[in-house]
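Notes for the one structure printed next.
The values are calculated or read from the model by the stated rules, or taken from the named source; none is laboratory data. Please read these numbers as outputs of a predicted model, since none were measured by experiment. So basically every Cβ, Gly included, is an ideal-geometry build from the backbone, and we count neighbours across all protein chains shown. Ligands, DNA and RNA are excluded from the accessible area calculation, which covers all protein heavy atoms including side chains. Shrake-Rupley method; radii C 1.70, N 1.55, O 1.52, S 1.80 Å.
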Amino acid sequence: MAEKAQKIVGVKGMNDLLPATSYQWLWLEDKLRVWLSQYGYENIRTPILENTQLFTRSIGEVTDIVEKEMYSFIDSLNGDALTLRPEGTAGTIRAVVEHNLLYNANQKLWYIGPMFRHERPQKGRYRQFHQLGVEALGFKGPDVDCEIILMLNHLWQILGLSGVELQINCLGNKDERLAHREALIAYFEQHQELLDEEAKRRLHTNPLRILDTKNPAMQELVGNAPKLLAYLGEQSQAHYTGWKAGLDALKIAYVENPRLVRGLDYYNLSVFEWVSSDLGSQSTVCGGGRYDPLVAELSGKENYAIGFAIGLERLLLSLEAQNKLIIKPACDIYIVNDGVGAAEMAFNLAQELRTLGYKVIQHLGGGSFKSQFKKADSYGARLSLVIGENEVKLNQVVLKLMAEQKQELIAHTQLSQYVTNFFNS
Ligand code: ATP
Ligand code: MG
(Lines give C-alpha, C1' and ligand atoms only; values in the text may rest on other atoms or scores of the structure.)
(Ligands and ions follow the chains in the order given, each with its own letter.)
Protein backbone atom coordinates (compact mmCIF):
# COMPACT_ATOMS: atom_id res chain seq x y z
CA MET A 1 0.00 0.00 0.00
CA ALA A 2 1.25 3.49 -0.83
CA GLU A 3 2.37 5.55 2.14
CA LYS A 4 0.00 8.28 3.15
CA ALA A 5 1.02 11.32 1.12
CA GLN A 6 2.28 14.25 3.14
CA LYS A 7 0.18 17.34 2.64
CA ILE A 8 1.99 20.17 0.91
CA VAL A 9 0.72 23.59 1.87
CA GLY A 10 1.31 27.08 0.45
CA VAL A 11 4.20 29.33 1.45
CA LYS A 12 3.66 31.34 4.65
CA GLY A 13 2.42 34.87 4.05
CA MET A 14 1.48 34.09 0.43
CA ASN A 15 -2.26 33.74 0.01
CA ASP A 16 -4.46 31.89 -2.41
CA LEU A 17 -7.24 34.06 -3.77
CA LEU A 18 -10.27 31.81 -3.94
CA PRO A 19 -13.57 32.28 -5.81
CA ALA A 20 -15.21 33.43 -2.56
CA THR A 21 -13.29 36.72 -2.89
CA SER A 22 -11.55 36.75 -6.28
CA TYR A 23 -14.61 38.33 -7.93
CA GLN A 24 -13.96 41.38 -5.71
CA TRP A 25 -10.47 41.64 -7.17
CA LEU A 26 -11.84 41.48 -10.71
CA TRP A 27 -14.41 44.13 -9.88
CA LEU A 28 -11.77 46.41 -8.33
CA GLU A 29 -9.33 45.89 -11.21
CA ASP A 30 -12.07 46.79 -13.74
CA LYS A 31 -12.77 50.03 -11.88
CA LEU A 32 -9.06 50.81 -11.71
CA ARG A 33 -8.52 50.26 -15.43
CA VAL A 34 -11.34 52.61 -16.42
CA TRP A 35 -10.17 55.25 -13.95
CA LEU A 36 -6.53 55.07 -15.14
CA SER A 37 -7.45 55.42 -18.78
CA GLN A 38 -9.54 58.50 -17.95
CA TYR A 39 -6.29 60.20 -16.95
CA GLY A 40 -4.29 58.99 -19.94
CA TYR A 41 -2.27 56.26 -18.22
CA GLU A 42 -1.06 53.25 -20.22
CA ASN A 43 -0.29 49.75 -19.03
CA ILE A 44 3.24 48.37 -18.70
CA ARG A 45 4.11 44.78 -17.69
CA THR A 46 7.59 43.97 -16.49
CA PRO A 47 8.99 40.68 -15.14
CA ILE A 48 8.57 39.66 -11.52
CA LEU A 49 12.28 38.80 -11.32
CA GLU A 50 14.98 41.41 -11.74
CA ASN A 51 18.72 41.45 -11.21
CA THR A 52 19.30 42.03 -7.50
CA GLN A 53 21.55 44.99 -8.20
CA LEU A 54 18.61 46.95 -9.61
CA PHE A 55 16.98 47.05 -6.18
CA THR A 56 20.08 47.57 -4.04
CA ARG A 57 21.06 50.51 -6.23
CA SER A 58 17.64 52.14 -6.58
CA ILE A 59 15.88 51.48 -3.27
CA GLY A 60 19.01 52.06 -1.19
CA GLU A 61 21.21 49.75 0.90
CA VAL A 62 20.01 51.02 4.28
CA THR A 63 16.28 50.62 3.89
CA ASP A 64 13.89 48.11 5.44
CA ILE A 65 13.33 46.49 2.07
CA VAL A 66 16.94 45.94 1.06
CA GLU A 67 18.20 45.21 4.57
CA LYS A 68 15.75 42.52 5.50
CA GLU A 69 12.75 42.06 3.23
CA MET A 70 14.01 40.94 -0.17
CA TYR A 71 13.62 37.45 -1.61
CA SER A 72 17.06 37.27 -3.20
CA PHE A 73 18.72 34.13 -4.46
CA ILE A 74 21.38 32.84 -6.77
CA ASP A 75 20.02 31.09 -9.84
CA SER A 76 21.66 27.67 -9.43
CA LEU A 77 21.62 27.12 -13.18
CA ASN A 78 23.85 30.04 -14.09
CA GLY A 79 24.89 31.90 -10.95
CA ASP A 80 22.84 35.05 -11.61
CA ALA A 81 21.89 37.10 -8.53
CA LEU A 82 18.13 37.60 -8.78
CA THR A 83 15.37 39.11 -6.61
CA LEU A 84 11.60 38.80 -6.59
CA ARG A 85 10.47 42.39 -7.02
CA PRO A 86 9.57 44.06 -3.69
CA GLU A 87 8.02 47.04 -5.51
CA GLY A 88 7.35 48.07 -9.09
CA THR A 89 9.00 51.43 -9.65
CA ALA A 90 12.57 50.21 -10.10
CA GLY A 91 11.64 47.60 -12.71
CA THR A 92 9.42 50.07 -14.55
CA ILE A 93 12.18 52.67 -14.80
CA ARG A 94 14.66 49.96 -15.78
CA ALA A 95 12.36 48.96 -18.66
CA VAL A 96 11.65 52.55 -19.68
CA VAL A 97 15.37 53.33 -19.86
CA GLU A 98 16.22 50.03 -21.57
CA HIS A 99 13.63 50.70 -24.30
CA ASN A 100 14.38 54.41 -24.53
CA LEU A 101 10.75 55.41 -23.87
CA LEU A 102 11.72 58.84 -22.57
CA TYR A 103 13.44 59.89 -25.77
CA ASN A 104 11.64 63.15 -26.63
CA ALA A 105 8.57 61.88 -24.82
CA ASN A 106 6.72 61.78 -21.51
CA GLN A 107 5.18 58.60 -20.20
CA LYS A 108 2.17 57.96 -18.00
CA LEU A 109 2.31 54.30 -16.96
CA TRP A 110 0.50 51.89 -14.66
CA TYR A 111 0.82 48.25 -13.64
CA ILE A 112 -0.84 45.80 -11.29
CA GLY A 113 0.85 42.76 -9.88
CA PRO A 114 2.29 40.79 -7.01
CA MET A 115 5.19 42.16 -4.96
CA PHE A 116 7.29 40.15 -2.51
CA ARG A 117 8.65 41.19 0.88
CA HIS A 118 9.84 38.91 3.65
CA GLU A 119 7.90 40.52 6.52
CA ARG A 120 5.99 39.15 9.49
CA PRO A 121 2.57 38.23 8.08
CA GLN A 122 -0.42 39.86 9.78
CA LYS A 123 -3.64 41.57 8.73
CA GLY A 124 -2.77 44.00 5.92
CA ARG A 125 0.82 42.73 5.69
CA TYR A 126 1.78 39.71 3.61
CA ARG A 127 4.84 38.26 1.93
CA GLN A 128 3.19 38.26 -1.45
CA PHE A 129 0.87 41.22 -1.83
CA HIS A 130 -0.45 43.24 -4.76
CA GLN A 131 0.10 46.80 -5.78
CA LEU A 132 -1.35 49.08 -8.35
CA GLY A 133 1.56 51.29 -9.34
CA VAL A 134 1.38 54.52 -11.32
CA GLU A 135 4.39 56.39 -12.69
CA ALA A 136 4.29 59.77 -14.51
CA LEU A 137 7.66 60.36 -16.17
CA GLY A 138 9.03 63.55 -17.67
CA PHE A 139 6.77 66.03 -15.88
CA LYS A 140 8.46 68.66 -13.74
CA GLY A 141 5.46 69.55 -11.58
CA PRO A 142 4.04 70.76 -9.36
CA ASP A 143 1.00 70.56 -11.69
CA VAL A 144 1.44 66.80 -12.12
CA ASP A 145 1.86 66.46 -8.33
CA CYS A 146 -1.60 68.05 -8.02
CA GLU A 147 -3.14 65.87 -10.72
CA ILE A 148 -1.84 62.71 -9.04
CA ILE A 149 -3.58 63.70 -5.80
CA LEU A 150 -6.70 64.76 -7.71
CA MET A 151 -6.95 61.40 -9.43
CA LEU A 152 -6.50 59.46 -6.19
CA ASN A 153 -9.12 61.60 -4.51
CA HIS A 154 -11.39 60.80 -7.47
CA LEU A 155 -10.70 57.08 -7.06
CA TRP A 156 -11.83 57.10 -3.42
CA GLN A 157 -15.03 58.78 -4.64
CA ILE A 158 -15.54 56.22 -7.40
CA LEU A 159 -15.14 53.39 -4.89
CA GLY A 160 -17.21 55.12 -2.20
CA LEU A 161 -14.30 54.98 0.23
CA SER A 162 -14.32 57.52 3.04
CA GLY A 163 -12.10 58.11 6.06
CA VAL A 164 -8.81 58.26 4.15
CA GLU A 165 -6.56 61.10 5.24
CA LEU A 166 -3.98 62.65 2.92
CA GLN A 167 -0.63 63.38 4.55
CA ILE A 168 2.00 65.33 2.64
CA ASN A 169 5.58 66.49 3.05
CA CYS A 170 8.43 67.89 1.02
CA LEU A 171 11.80 66.13 1.07
CA GLY A 172 13.70 68.86 -0.83
CA ASN A 173 16.79 67.99 -2.83
CA LYS A 174 19.93 66.05 -1.99
CA ASP A 175 21.95 68.99 -0.63
CA GLU A 176 19.09 70.15 1.55
CA ARG A 177 18.64 66.66 2.89
CA LEU A 178 22.40 66.45 3.59
CA ALA A 179 22.37 69.67 5.61
CA HIS A 180 19.33 68.45 7.51
CA ARG A 181 20.92 65.05 7.98
CA GLU A 182 23.95 66.61 9.66
CA ALA A 183 21.69 68.59 11.97
CA LEU A 184 19.74 65.43 12.75
CA ILE A 185 22.85 63.41 13.56
CA ALA A 186 24.11 66.16 15.84
CA TYR A 187 20.73 66.32 17.59
CA PHE A 188 20.44 62.56 18.08
CA GLU A 189 24.09 62.35 19.22
CA GLN A 190 23.22 64.80 21.98
CA HIS A 191 20.46 62.41 23.07
CA GLN A 192 22.25 59.06 22.58
CA GLU A 193 20.76 57.67 25.80
CA LEU A 194 17.21 57.97 24.40
CA LEU A 195 17.87 56.04 21.18
CA ASP A 196 16.77 52.43 20.78
CA GLU A 197 19.00 49.81 19.12
CA GLU A 198 17.57 50.33 15.64
CA ALA A 199 17.97 54.10 15.89
CA LYS A 200 21.58 53.73 17.04
CA ARG A 201 22.28 51.54 14.07
CA ARG A 202 20.67 54.03 11.69
CA LEU A 203 22.25 57.11 13.23
CA HIS A 204 25.11 57.31 10.77
CA THR A 205 23.58 55.41 7.87
CA ASN A 206 20.00 56.66 7.46
CA PRO A 207 19.06 59.00 10.32
CA LEU A 208 16.02 60.24 8.41
CA ARG A 209 14.43 56.85 8.97
CA ILE A 210 14.68 57.34 12.74
CA LEU A 211 11.93 59.95 12.32
CA ASP A 212 9.72 57.15 11.04
CA THR A 213 10.13 55.08 14.24
CA LYS A 214 7.08 53.39 15.69
CA ASN A 215 8.70 53.10 19.17
CA PRO A 216 6.42 55.00 21.60
CA ALA A 217 9.38 55.78 23.90
CA MET A 218 11.04 57.80 21.14
CA GLN A 219 8.08 59.88 20.01
CA GLU A 220 8.96 62.96 22.03
CA LEU A 221 12.57 62.82 20.91
CA VAL A 222 11.70 62.63 17.21
CA GLY A 223 8.92 65.20 17.67
CA ASN A 224 11.49 67.79 18.70
CA ALA A 225 14.12 66.87 16.11
CA PRO A 226 15.21 69.43 13.50
CA LYS A 227 12.68 69.64 10.66
CA LEU A 228 13.72 69.18 7.05
CA LEU A 229 11.32 71.96 6.04
CA ALA A 230 13.60 74.47 7.77
CA TYR A 231 16.43 73.44 5.44
CA LEU A 232 14.58 73.80 2.14
CA GLY A 233 15.99 76.28 -0.37
CA GLU A 234 13.94 78.63 -2.53
CA GLN A 235 13.24 76.20 -5.37
CA SER A 236 12.10 73.37 -3.15
CA GLN A 237 9.95 75.74 -1.15
CA ALA A 238 8.37 77.08 -4.32
CA HIS A 239 7.61 73.53 -5.47
CA TYR A 240 6.02 72.68 -2.14
CA THR A 241 4.03 75.93 -2.01
CA GLY A 242 2.86 75.42 -5.59
CA TRP A 243 1.69 71.91 -4.79
CA LYS A 244 -0.21 73.00 -1.70
CA ALA A 245 -1.78 75.98 -3.49
CA GLY A 246 -2.97 73.59 -6.20
CA LEU A 247 -4.52 71.27 -3.64
CA ASP A 248 -6.19 74.21 -1.89
CA ALA A 249 -7.64 75.38 -5.21
CA LEU A 250 -8.98 71.85 -5.81
CA LYS A 251 -10.41 71.88 -2.27
CA ILE A 252 -8.59 68.69 -1.37
CA ALA A 253 -7.88 68.44 2.34
CA TYR A 254 -4.40 67.42 3.51
CA VAL A 255 -2.35 67.26 6.68
CA GLU A 256 1.27 68.35 6.58
CA ASN A 257 3.36 65.67 8.27
CA PRO A 258 7.01 66.73 8.56
CA ARG A 259 7.90 63.21 9.73
CA LEU A 260 6.65 61.58 6.56
CA VAL A 261 9.85 60.40 4.87
CA ARG A 262 8.80 57.23 2.97
CA GLY A 263 10.87 54.09 3.19
CA LEU A 264 12.97 54.31 0.06
CA ASP A 265 16.03 56.37 -0.76
CA TYR A 266 14.99 57.60 -4.16
CA TYR A 267 12.33 60.15 -3.19
CA ASN A 268 12.71 63.95 -3.43
CA LEU A 269 10.40 66.98 -3.11
CA SER A 270 6.71 65.97 -2.85
CA VAL A 271 5.87 62.83 -0.87
CA PHE A 272 2.48 61.70 0.38
CA GLU A 273 0.49 58.90 1.97
CA TRP A 274 -3.21 58.17 2.26
CA VAL A 275 -3.99 56.68 5.64
CA SER A 276 -7.21 54.81 6.36
CA SER A 277 -8.95 54.93 9.71
CA ASP A 278 -10.25 51.37 9.20
CA LEU A 279 -6.98 49.46 9.10
CA GLY A 280 -5.45 49.48 12.58
CA SER A 281 -1.68 49.63 12.45
CA GLN A 282 -1.20 48.65 8.76
CA SER A 283 -3.02 51.83 7.86
CA THR A 284 -1.32 53.23 4.76
CA VAL A 285 -3.41 52.39 1.71
CA CYS A 286 -1.36 54.38 -0.78
CA GLY A 287 2.09 55.94 -0.73
CA GLY A 288 4.01 57.91 -3.29
CA GLY A 289 5.95 60.94 -4.30
CA ARG A 290 8.53 62.39 -6.66
CA TYR A 291 11.66 60.41 -7.42
CA ASP A 292 13.47 62.53 -10.01
CA PRO A 293 16.94 61.25 -8.94
CA LEU A 294 16.10 57.60 -9.67
CA VAL A 295 15.75 58.24 -13.39
CA ALA A 296 19.17 59.89 -13.47
CA GLU A 297 20.63 57.05 -11.39
CA LEU A 298 19.37 54.40 -13.82
CA SER A 299 19.72 56.28 -17.12
CA GLY A 300 22.54 58.76 -16.59
CA LYS A 301 20.22 61.57 -17.73
CA GLU A 302 18.35 64.09 -15.58
CA ASN A 303 14.59 63.75 -15.84
CA TYR A 304 11.43 64.03 -13.81
CA ALA A 305 9.32 61.37 -12.17
CA ILE A 306 6.45 60.99 -9.73
CA GLY A 307 4.40 57.96 -8.79
CA PHE A 308 2.48 56.06 -6.18
CA ALA A 309 1.50 52.56 -5.20
CA ILE A 310 -1.77 51.38 -3.73
CA GLY A 311 -1.74 48.22 -1.62
CA LEU A 312 -4.71 46.34 -3.06
CA GLU A 313 -5.23 44.02 -0.06
CA ARG A 314 -5.42 47.04 2.23
CA LEU A 315 -7.72 48.89 -0.15
CA LEU A 316 -10.07 45.87 -0.25
CA LEU A 317 -9.92 45.55 3.55
CA SER A 318 -10.95 49.18 4.01
CA LEU A 319 -13.72 48.86 1.41
CA GLU A 320 -14.94 45.76 3.22
CA ALA A 321 -14.93 47.59 6.56
CA GLN A 322 -17.17 50.23 4.97
CA ASN A 323 -19.44 47.70 3.24
CA LYS A 324 -18.48 49.01 -0.18
CA LEU A 325 -17.62 45.72 -1.88
CA ILE A 326 -19.94 44.33 -4.52
CA ILE A 327 -21.87 41.18 -3.78
CA LYS A 328 -21.03 38.16 -5.86
CA PRO A 329 -22.49 38.57 -9.35
CA ALA A 330 -25.26 36.03 -9.98
CA CYS A 331 -25.90 34.16 -13.21
CA ASP A 332 -28.78 35.29 -15.42
CA ILE A 333 -30.10 31.98 -16.64
CA TYR A 334 -29.72 28.39 -15.44
CA ILE A 335 -30.68 25.57 -17.79
CA VAL A 336 -32.19 22.55 -16.12
CA ASN A 337 -32.26 19.49 -18.41
CA ASP A 338 -33.00 15.79 -18.29
CA GLY A 339 -34.07 13.06 -20.74
CA VAL A 340 -33.38 11.97 -24.31
CA GLY A 341 -32.16 14.90 -26.45
CA ALA A 342 -32.41 17.43 -23.58
CA ALA A 343 -28.70 18.06 -23.18
CA GLU A 344 -28.29 18.73 -26.94
CA MET A 345 -31.16 21.19 -26.95
CA ALA A 346 -29.74 22.83 -23.81
CA PHE A 347 -26.35 23.34 -25.49
CA ASN A 348 -28.03 25.06 -28.45
CA LEU A 349 -30.22 27.32 -26.33
CA ALA A 350 -27.35 28.24 -24.05
CA GLN A 351 -25.28 29.39 -27.04
CA GLU A 352 -28.16 31.42 -28.46
CA LEU A 353 -28.59 33.24 -25.18
CA ARG A 354 -24.86 33.74 -24.61
CA THR A 355 -24.65 35.32 -28.06
CA LEU A 356 -27.19 37.86 -26.79
CA GLY A 357 -24.80 38.62 -23.92
CA TYR A 358 -26.39 36.72 -21.05
CA LYS A 359 -24.54 34.73 -18.43
CA VAL A 360 -25.92 31.23 -18.87
CA ILE A 361 -25.03 28.16 -16.85
CA GLN A 362 -26.14 24.81 -18.19
CA HIS A 363 -26.62 22.06 -15.66
CA LEU A 364 -24.09 19.30 -16.23
CA GLY A 365 -24.03 15.81 -14.80
CA GLY A 366 -27.72 14.96 -14.62
CA GLY A 367 -29.75 14.52 -11.42
CA SER A 368 -33.35 15.12 -10.42
CA PHE A 369 -35.11 18.34 -11.45
CA LYS A 370 -35.37 19.19 -7.77
CA SER A 371 -31.62 19.03 -7.23
CA GLN A 372 -31.05 20.99 -10.45
CA PHE A 373 -33.36 23.78 -9.26
CA LYS A 374 -31.39 23.92 -6.03
CA LYS A 375 -28.28 24.59 -8.10
CA ALA A 376 -30.11 27.31 -10.04
CA ASP A 377 -30.91 28.96 -6.69
CA SER A 378 -27.35 28.69 -5.45
CA TYR A 379 -26.11 30.46 -8.60
CA GLY A 380 -28.67 33.21 -7.98
CA ALA A 381 -30.23 32.69 -11.43
CA ARG A 382 -33.16 34.99 -12.24
CA LEU A 383 -34.52 32.66 -14.89
CA SER A 384 -34.41 28.90 -15.24
CA LEU A 385 -35.15 27.10 -18.49
CA VAL A 386 -36.45 23.59 -18.07
CA ILE A 387 -35.94 21.07 -20.84
CA GLY A 388 -37.34 17.54 -20.61
CA GLU A 389 -38.18 14.99 -23.28
CA ASN A 390 -41.54 16.63 -23.96
CA GLU A 391 -39.95 20.04 -24.54
CA VAL A 392 -37.48 18.46 -26.96
CA LYS A 393 -40.32 16.89 -28.92
CA LEU A 394 -42.37 20.09 -29.12
CA ASN A 395 -39.38 22.44 -29.51
CA GLN A 396 -40.41 24.56 -26.53
CA VAL A 397 -39.15 25.29 -23.00
CA VAL A 398 -40.61 25.80 -19.59
CA LEU A 399 -39.39 29.13 -18.33
CA LYS A 400 -39.31 29.64 -14.60
CA LEU A 401 -39.08 33.15 -13.10
CA MET A 402 -37.20 32.30 -9.94
CA ALA A 403 -38.00 35.27 -7.68
CA GLU A 404 -41.58 35.60 -8.93
CA GLN A 405 -42.19 31.83 -8.58
CA LYS A 406 -44.01 31.88 -11.91
CA GLN A 407 -43.59 29.62 -14.89
CA GLU A 408 -44.53 29.82 -18.56
CA LEU A 409 -44.34 27.64 -21.61
CA ILE A 410 -42.48 29.34 -24.46
CA ALA A 411 -41.89 28.19 -28.03
CA HIS A 412 -38.21 28.02 -28.91
CA THR A 413 -38.77 30.65 -31.62
CA GLN A 414 -40.09 33.14 -29.02
CA LEU A 415 -37.36 32.53 -26.45
CA SER A 416 -34.80 35.23 -27.38
CA GLN A 417 -37.43 37.93 -27.48
CA TYR A 418 -38.95 36.82 -24.19
CA VAL A 419 -35.61 36.76 -22.38
CA THR A 420 -34.59 40.16 -23.78
CA ASN A 421 -37.86 41.72 -22.65
CA PHE A 422 -37.52 40.12 -19.22
CA PHE A 423 -34.05 41.48 -18.54
CA ASN A 424 -34.85 44.91 -19.98
CA SER A 425 -37.98 45.42 -17.91
P1 ATP B 1 4.56 50.02 5.58
O2 ATP B 1 5.05 51.24 6.29
O3 ATP B 1 3.16 49.65 5.94
O4 ATP B 1 5.53 48.87 5.69
P5 ATP B 1 5.75 50.72 3.09
O6 ATP B 1 6.18 52.12 3.27
O7 ATP B 1 6.76 49.64 3.23
O8 ATP B 1 4.49 50.39 4.03
P9 ATP B 1 5.41 51.10 0.27
O10 ATP B 1 6.73 50.53 -0.08
O11 ATP B 1 5.22 52.55 0.21
O12 ATP B 1 4.98 50.57 1.72
O13 ATP B 1 4.28 50.36 -0.58
C14 ATP B 1 3.06 51.03 -0.98
C15 ATP B 1 1.86 50.34 -0.39
O16 ATP B 1 1.91 48.94 -0.58
C17 ATP B 1 1.71 50.49 1.12
O18 ATP B 1 1.15 51.73 1.42
C19 ATP B 1 0.79 49.35 1.44
O20 ATP B 1 -0.56 49.69 1.14
C21 ATP B 1 1.25 48.29 0.50
N22 ATP B 1 2.16 47.35 1.17
C23 ATP B 1 3.49 47.50 1.43
N24 ATP B 1 4.00 46.40 2.02
C25 ATP B 1 2.97 45.52 2.13
C26 ATP B 1 2.84 44.18 2.62
N27 ATP B 1 3.89 43.52 3.10
N28 ATP B 1 1.63 43.59 2.58
C29 ATP B 1 0.55 44.23 2.07
N30 ATP B 1 0.61 45.48 1.57
C31 ATP B 1 1.80 46.13 1.60
MG1 MG C 1 7.29 48.29 4.73
- Query: within 16 Å of ligand 2 (Cβ to nearest atom) and either within 30 Å of Asp278 (Cβ to Cβ) or in the same structural domain as Asn390 (by TED's automatic domain parsing) (or both), is that true of Arg354?
  - Reply: no
- Is it the case that the stretch 46-67 has a residue that's among the acidic types (Asp, Glu), in contact (Cβ under 8 Å) with a residue 40 or more places away in the chain and part of a helix (DSSP H, G or I)? yes
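Can you say whether Lys328 is in contact (Cβ under 8 Å) with a residue 24 or more places away in the chain, of a type in the set (Lys, Arg) and touching a helix residue (DSSP H, G or I) at 6+ places or on another chain (Cβ under 9 Å), as far as the supplied structure shows?
When the stated conditions are applied, Lys328 passes them.
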- Tell me which residues, restricted to the stretch 116-159, are part of a loop (DSSP other than H, G, I, E, B), within 23 Å of Leu319 (Cα to Cα) and either open to solvent by less than 30 Å² (accessible area, probe 1.4 Å) or touching a helix residue (DSSP H, G or I) at 6+ places or on another chain (Cβ under 6 Å) (or both). Gly124
- Message: Quick check on my filter: what residues within the stretch 291-309 are more than 14 Å from ligand 1 (Cβ to nearest atom), assigned to a loop (DSSP other than H, G, I, E, B) and either buried (at least 18 other Cβ atoms within 10 Å of the Cβ) or on the phi < 0 side of the Ramachandran plot (or both)?
- Response: Lys301, Glu302, Asn303, Tyr304
- Message: Checking the conditions here, which among Glu87, Glu29, Glu98 is surrounded by 11 or more Cβ atoms within 10 Å (Cβ to Cβ) and within 16 Å of ligand 2 (Cβ to nearest atom)?
- Response: Glu87
- Consider Leu269 carefully, then state whether it is touching a Ser or Thr at 6+ places or on another chain (Cβ under 7 Å), modelled with pLDDT of 95 or more and under 29 Å from Lys68 (Cβ atoms). yes
- Item | Residue check for Leu279: open to solvent by less than 30 Å² (accessible area, probe 1.4 Å) and either outside the structural domain of Trp110 (by TED's automatic domain parsing) or in a helix (DSSP H, G or I) (or both) | no
- Task: Only one of these is surrounded by fewer than 23 Cβ atoms within 10 Å (Cβ to Cβ), under 23 Å from the mean Cα position of the chain (by Cα) and more than 16 Å from ligand 2 (Cβ to nearest atom): Leu319, Leu312. Name it.
- Result: Leu319
